[in-house]
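Single-structure report; data block below.
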Amino acid sequence: MVYRWHQNYFYILYISVYISEFVFFTEEERRVRANDREYNEKFQYASNCIMTSKYNIITFLPVNLFEQFQEVANTYFLFLLILQLIPQISSLSWFTTIVPLVLVLSITAVKDATDDYVSLTHTHTHYPILFFHFLSLQKEKWMNVRVGDIIKLENNQFVAADLLLLSSSEPHSLCYIETAELDGETNMKVRQSLSVTSELGDPNNLAQFDGEVLCEPPNNKLDRFCGTLYWKDCKYPLSNQNMLLRGCVLRNTESCCGLVIFAGPDTKLMQNSGRTKFKRTSIDRLMNTLVLWVRNLILAIGNAVWEKEVGALFQSFLPWDPPVDNFLFSAFLSFWSYVIILNTVVPISLYVSVEVIRLGHSYFINWDRRMFCSRSNTAAEARTTTLNEELGQVEYIFSDKTGTLTQNIMTFNKCSINGRAYGEKPHMAVMFKPLDFSAWNPLADRDFCFYDQSLLEAVMVGEPAVHEFLRVLSLCHTVMSEEKREGVLVYKAQSPDEGALVTAARNFGFVFRSRTPGTVTTHELGKAVTYTLLAILDFNNIRKRMSVIVRNPEGRIRLYCKGADTVLFERLHSCNHELMNITSDHLNEYAGDGLRTLALAYRDLSEEQWEAWAERFRGADKATDCRDDRLAAVYEEIEQDMMLLGATAVEDKLQDGVPETIAILSLANIKIWVLTGDKQETAVNIGYSCKMLTDDMTEIFIVNGHTVQSVREELRYNSKCSPPQAPPSSLLESISGEFALIISGHSLVGDSSIQEPIFMISLEYFPVSVDQAHALEADMEREFLETACACRAVICCRVTPLQKALVVELVKRHKKAVTLAIGDGANDVSMIKTAHIGVGISGQEGIQAVLASDYSFSQFRFLQRLLLVHGRWSYLRMCRFLCYFFYKNFAFTMVHFWFGFFCGFSAQTVYDQYFITLYNIVYTSLPVLAMGIFDQDVPEQRSLEYPKLYEPGQLNLLFNKREFFICIAQGIYTSVVLFFIPYGVLSHATQSNGVPLADYQTFAVTTATALVIVVSVQIALDTGYWTAINHFFIWGSLGTYFTILFAMHSSILFNIFPKQFHFLGESALWPNCVAAILNRNPHLIMFLEDVLQAQFISNNI
């Protein structure tokens, strides 16, 4: 197939993600011989040992340091440390950098070691397992299992590797497994061994089994397996129904035995454990801007000029230190010296503080009791700490419908049978009680509610169409039945829809009781009936239907089918035209009520038709190449000329607070797009229910074209009617907001091109079009996006999981806006991972969306609190933290810049090295942390009452390049005052005895003290929300500074460490101290001579 690269950018993008995320396999096929390790070892298959830990005692230090120094910040500070070890360019001691660097590396290393240890303790590698060896069962650890071994599992045990099920203790060699750790689904699933191996339950038979399996190489496709078993000169096709995957748990099965096909890193579980793309915030990207090099270059040029014009005059008695031999080389060294001195503008403590603040914000989300769901006992969880401030900048929300906006708890509400509608509630439903089924049906579900007596009467009088309709519901499904006690049935369905339909049939007298691989047993109006199950034609996202072929006790063969009406109506016999029109009207009515609909049909088959088709079906099932395509073609062949029975409508109610949440988020200028697989009518009704669509809207645009031309015409017509799109710089400016857009999945990507399934991150097969696209085509996507962004609400219906991700990627690519995707099912994973922020709803469809998300909770209504409270506060706090941090560090660092003009640009520091080391670690770190963690501008109630307060984050008003340079200007102004006022005061001041007051110690301490006081007062002024912690940190830091100041300038430390502490407060030792300073800083001699000479001249005048 030839790819049209210029028109399929988005497909290429996703294909590249697919390629980069998963492993390429050199293995073209796998051969496994049972109980023959010597043969299997020739292929060097992976062992079952999985190292979930990255380190051990020997490798921890080098590996962890290697990982940490891949961070740009750590490498940068290591580079500074190396510079400080060069005497010719360093005027600071090495410990000013190594102390904070070692502190950061140590804290990170401890965290990594702890995480790694926790990971190690959760692995199953050392769990015991039973396997057959030399005709006997032996106990062995998981890690010692090899490909080709036959192992025995017992009830409630984890599956140790990817196994081919050989036998089971259950009848018909069935096996029940739970796959929650694999795909998040908590419902049990059934697996069955081949009939030829089902009798191998005896240990001796299993130990002597020598079958050989030829199958696909290791891959990440959880729902597919293709292989062939060769045994006793026969070959048998293998499918996913014969496999037990690592990570599953054996349930309700006493024991089973299986042949290891894939072990360790080759298992499908490990093949799907690829890394998720790391997400960074816009603030992170802005912080990486370097601002030091221009200033360093200016000072280096100043040093060159000074050395050439002034320093050259002193070469006779103050020569350059080797290897300096000219003023240019001196300038080169000065450049690197100022790199060291001025690095405090962006110190390592900045990165540490940012992570601490983000961690604090994450805990606030986790601890928020208002986001705790008592019904499900689920709290909100921040699964990442890197995106909190991005929550305050969201402009687009992409939401799933079922299970996200709705409860995903289905109830059978209405139905249409043979052209007659059932299920209308009486107008005074409050006065009516639901039908009582228990009086005549002891197996009825007491929680089932239905009000229409006419359907029950039709069942009682024996209307054939009604009975056949209910028979379809009781037979065409994959539900498992468990009888807790006599007459108490518990259904375990893979989807809530199926459970609701089977429960409805149960209450109306067609009770599904049990199933075996070859039979389905029901009770029809109290009479037990067993049907022979001839074939199951599975449901998938492409087929959108499911069928079963059964033989009733009288020997009649019939195909029963249920599926989407758009798919099923195309396959009906021509005689159904009138009934189809009536049923379509009912379906539109149900969809208008927001109900989920399915159509039901059947087809009678003669014995000859069945035999001929069954032969083709077996041939396709045994195929080793293109097996799925062959099966799909065979399914399509039999699902034709069906007779329509009717349609079902199940209700999925909105979650609590959804309309209010959407209304509040809309007032915050957040645009919400709903991406759903439901019918257009259902999606529109839900849109009205949750207040996305309103009656006062000017127009609702509908794009429903099936061809490129029709979609283009509809988009261009709608774009003419919609208001002009605001320029990119003012996306959130007022637009009319009275328009809505509804577009179908086939208008986004053409149906005719659904050909190639591509396995994506979300563990599903998605239909990908590389042949034809409509609204997402390169030359049409701009029109679609402009129309959609001009509308207040957008609903995409009948979309596949891949199309959801493509829509999100389209907005990300063309709009400089933060996107958020929220969903609850495995089909939402790719959308969640594509968006800037992914939110998972822990609902009825397992936890796969939660595992792929950045944040999770149990109700959609919590989203408003996550964004408008936690997100807005996180953005506000981070911006205030960064503004103040850069201000205080520029005020601190720029004093060195001004001092350079008075010390011959020699890179001499103003402050002593201990103050430089402690300034960002002790004196100013805690107050700014307190502000970054606790600060507020308004209480949380006001944030929810006034959603417009969210806008500054969307417009990025609080921290951008303009705000950054304002902080720099304020810091520079403060540094000018801090330097020149003490200089002006002390340069000409004298003591009472005539001795000049100006000295290096006095000037350094005065400037440092003024700096600490000024920045402490400034953060007190900037703090908007005072807590006891703020008071303690701000005033405590001031007290700590003066305590350390008096201690370090005392004679005690000087007497103990005279070379390290040159400054002291006692005059007796002052000459020695001054001599030590001048010996270390020869350029200061010339500076002091100039100052004294100027003072002498001025005094004479």
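The values are calculated or read from the model by the stated rules, or taken from the named source; none is laboratory data. These numbers come from a predicted model, not from an experiment. Ideal geometry is used to build each Cβ from the backbone, glycine not excepted, and the neighbour counts take in all protein chains shown. Keep in mind that these areas ignore ligands, DNA and RNA; they rest on the heavy atoms of the full protein, side chains included. Shrake-Rupley method; radii C 1.70, N 1.55, O 1.52, S 1.80 Å.
List of remarks:
- For Ala623 and Ala969, the difference between the fully extended length at 0.36 nm per residue and the C-alpha to C-alpha distance is 117.2 nm.
- Applying a threshold of 27 Å to the alpha-carbon distances of Lys152/Lys189; Lys232/Lys492; Lys141/Lys622 flags Lys232/Lys492; Lys141/Lys622 as lying beyond it.
- Computed over neighbours whose Cβ is under 12 Å from that of Asp266, the net charge equals +1, Lys and Arg +1, Asp and Glu -1.
- Which of Trp231, Trp673, Trp440 is most accessible, then next, and so on - probe 1.4 Å: Trp440, Trp231, Trp673
- Model label points for Val985 and Asn204, set 7 angstrom from Cα along the Cα-to-Cβ axis, are 10.3 nm apart.
- Cα gyration tensor, segment 444-553 - rounded (a/c under 1.5), prolate or oblate: rounded
- Surface accessible to a 1.4 Å probe, Thr228 within the full protein complex, Å²: 10 Å²
- Between segment 787-842 and segment 365-391, the C-alpha centres lie 21 angstrom from each other.
- Around Ile1034: net Lys/Arg minus Asp/Glu count, Cβ-Cβ under 15 Å: 0
- On full extension, the segment bounded by Lys433 and Phe69 gains 124.0 nm, given 0.36 nm per residue less the C-alpha separation.
- Neighbour net charge for Ile743 - beta-carbon separation under 11 angstrom, K R +1, D E -1: 0
- Rounded accessible area of Asp593 (nearest 10 Å², 1.4 Å probe): 80 Å²
- Taking a ≥ b ≥ c as the square roots of the eigenvalues of the Cα gyration tensor, segment 497-612 is oblate, since a/c reaches 1.5 or more and a/b is not larger than b/c.
- Against the criterion of solvent-accessible heavy-atom surface with a 1.4 angstrom probe, His988, His1031, His814, His870 sort, most first, into His988, His1031, His814, His870.
- Amide hydrogen proximity for Leu645: with H placed 1.01 Å from N in the peptide plane, the residues at 5 or more positions away or on another chain lying under 5 Å are Leu600, Ala601, Tyr602.
- Applied to segment 665-672, the Karplus parametrisation 6.51 cos²θ - 1.76 cosθ + 1.60 on θ = phi - 60° returns per-residue 3J(HN,Hα) values of 5, 5, 5, 8, 6, 9, 8, 10 Hz, with x for Gly and Pro.
- Contour excess over end-to-end distance, with Cα ends at Lys139 and Val99 and 0.36 nm allotted per residue: 9.2 nm
- Rounded FRET efficiency, nearest 0.05, which uses the C-beta distance separating Ile921 from Ala113 and R0 of 30 Å: 0.85
- 3J(HN,Hα) along segment 362-379, derived from phi through the Karplus expression 6.51 cos²θ - 1.76 cosθ + 1.60 where θ = phi - 60°, amounts to 5, 5, 4, 5, 5, 8, 6, 5, 6, 10, 9, 9, 6, 5, 9, 6, 10, 9 Hz, with x in place of Gly and Pro.
- Reported to the nearest whole Å, the Cα centre-to-centre distance from segment 1024-1038 to segment 500-577 is 70.
- Interchain or long-range residues, amide H under 5 Å from Lys141's placed H: Ile129
- Between Phe510 and Leu525, the built amide H atoms are under 5 Å apart, and every one of these is 5 or more places off in sequence or on another chain.
- For segment 520-530, 3J(HN,Hα) computed residue by residue from phi via the Karplus equation (6.51, -1.76, 1.60; θ = phi - 60°) reads 10, 10, 10, 10, 9, 6, x, 10, 6, 10, 10 Hz, glycine and proline entered as x.
- Accessible area of Met643 in the full protein assembly, 1.4 Å probe (Å², nearest 10): 60 Å²
- With all protein chains in place and ligands, DNA and RNA left out, the 1.4 Å accessible area ranks Phe209, Phe79, Phe158 as Phe79, Phe158, Phe209, largest first.
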